[in-house]
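One structure below.
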């Protein structure tokens, strides 16, 4: 959420302004841990409890990506976080998809929405998310995801039937795995859930055999470097697992995890991986190709994106 939007919505809703203002509340200025990171992210939640606000925030997120020069974006959210007694999970997703579609029409960017289930959520809630995502598969939802605390909630078994339904509906499948959990959690996500992408996957870098297993199967790792440094998942960009992924020949797709919180958008993530992370510009260019090939989009959109990539 843009700080300026937060200030406007807060005044309208009667929500007190945090000490130091909304930009200060959102922005993470130094390394910490995941708990601190998520505290900053959650500052926006009280402002997102109605459909119109969700539509606006989604619109602006896509608009900001277009202004950053991006040709394609997948907006990811945990819809249950924003559901209220008078706002269902499906209505949350409908509002977000509405904002995304409006921004696509206005900016020309290609985009989709990924509905994320959280590991601590009840069986009823995750089923509601999956079924709502499936119902909106032709209205902007392009994939499903699972995220949350891998240490407290390591099992993926209860999500498998929902992933089967999502696959049958034509949705893309990804999962946060081997982020806090062991490298084997990445393999479990592929074998049990059928994912083609793994979110973060940081601990895969510590297991050469698992890296090779992932490489052989063409699995793409979704990497968000600045976010990982700020949460303490990586000591620095130069020591980030993406360096090991590149050396191992594993496919990588670059993301900007919560750019209003990190202060770094996708174009700058790419620049920093070269200027501070020690990667070559050709490596980062390949990330864009991997992102296109693994995107949860139609063949027509993929063809258009590949044509744009080849001309850059």
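Points worth noting:
- For the chain, modelled as a GNM whose springs connect Cα atoms under 10 angstrom apart, the maximal fluctuation among 41, 92, 15 occurs at 15.
- Secondary structure note: in the chain, about 5% of the DSSP beta bridges are antiparallel.
- Shown for 264, 250: other C-beta atoms within 10 Å of each C-beta, ranked fewest to most, produce the order 264, 250.
- Relative contact order for the range 3-311, counting Cα pairs under 8 Å that sit 6 or more residues apart, in percent: 14
- The range 14-141: C-alpha gyration tensor shape, a/c 1.5 cut-off, then a/b vs b/c: oblate
- Helix content alone sets the calculated 222 nm mean residue ellipticity of the chain: runs of n ≥ 4 DSSP H residues at -39500 (n - 2.57) each, divided across all residues, give -14500 deg cm²/dmol.
- Normalised contact order of the range 169-312, rounded percent, pairs of Cα under 8 Å and 6 or more residues apart: 18
- Which of 17, 81 has the fewest Cβ neighbours within 10 Å, and the rest in rising order: 17, 81
- The range 200-312 shape via C-alpha gyration tensor axes, a/c threshold 1.5: oblate
- In nm, spacing of pseudo-spin labels at residue 105 and residue 184 (7 Å Cα→C-beta vector): 5.1
- The spacing between the range 134-201 and the range 269-312, judged by their C-alpha centroids, is 23 Å.
- Mean separation of Cα contacts under 8 Å, 6 or more apart, over the residue count of the range 1-60: relative contact order %: 41
- Fewest-first ordering of 254, 152, 306, 211 by other beta carbons within 10 Å of each residue's beta carbon gives 152, 306, 254, 211.
- Whole-angstrom gap from the range 1-69 to the range 84-104, using each part's C-alpha centre: 17
- For the range 3-311, the gyration tensor built on C-alpha atoms gives a rounded shape. Its axis ratio a/c (a ≥ b ≥ c) stays under 1.5.
Taken together, the values in this text are just the output of simple stated rules run on the coordinates, not laboratory data. All of these numbers come straight from a predicted model, not from anything done at the bench. Here the Cβ is made from the backbone with ideal geometry for all residues, glycine too, and neighbour counts use every protein chain on show.
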